[in-house]
Amino acid sequence: MFHRMGRRKLGRSGSHRRAMLRNQAASLIRYGFVTTTLPKAKELRQFVEPIITTAKQDNLARRRKVNRHIPDRAIVQYLFEEIGPRYDTRPGGYTRIIRLPNREGDNAPVARLELIND
């Protein structure tokens, strides 16, 4: 049985998966959306929503906590100054997944993960 088996492995080692999620989260915060496969989008949503929740309040401890997950300081600054206050009254659900047509080459399910404009 597959009860409580944790997160998707996505065919990568742990360090590669962690690096991929960090880079995609940075792109999502910078551009407001990212287009990727559906399983990656679902994992990225679970990765980035707690980061946005942490960024709602701006203090040194929270900035250091977010710096562990997002590699770029300019993106962290943008997250705390623009995105965190935007979702201040929202209790969660900062992203939406929009399914797109399957990819041409391998027929993989593709989705667009975007930040909700509130």
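The values are calculated or read from the model by the stated rules, or taken from the named source; none is laboratory data. On a predicted model such as this, the values are computed, not experimentally measured, just so you know. Backbone-built Cβ (ideal geometry, glycine too); neighbour counts: all protein chains shown. SASA here: full protein model, heavy atoms, side chains in, ligands and nucleic acids out. Shrake-Rupley method; radii C 1.70, N 1.55, O 1.52, S 1.80 Å.
Cross-link partners of residue 42 among lysines, defined as those whose alpha carbon lies under 19 angstrom from its own and excluding same-chain residues fewer than eight positions apart: 9. Only lysines eight or more places from residue 56 in sequence, or on another chain, were considered; those with a Cα closer than 17 Å are 65.
Computed with a 1.4 Å probe on the full set of protein chains, the accessible area for residue 45 sits at about 90 Å². Here the dipole of the chain is about 580 debye; that uses its Cα centre as origin and unit charges on the Cβ of Lys and Arg (positive) and Asp and Glu (negative). For the pair residue 78 and residue 8, label points projected 7 Å from Cα toward Cβ lie 2.5 nm apart. Protection proxy ranking for 83-89, 20-26, using the average of other Cβ atoms within 10 Å per residue and placing the highest first: 20-26, 83-89.
Packing around the peptides 68-78, 5-15, 32-42, 94-104, taken as the average count of other Cβ atoms within 10 Å per residue, puts them in this order, highest first: 32-42, 68-78, 94-104, 5-15.
Mind checking the log10 I(q)/I(0) for the chain at q = 0.18 Å⁻¹? Debye, one equal scatterer per Cα, no solvent, two decimals. Here log10 of I(q) over I(0) equals -0.96. Taking a ≥ b ≥ c as the square roots of the eigenvalues of the Cα gyration tensor, segment 12-74 is prolate, since a/c reaches 1.5 or more and a/b is larger than b/c.
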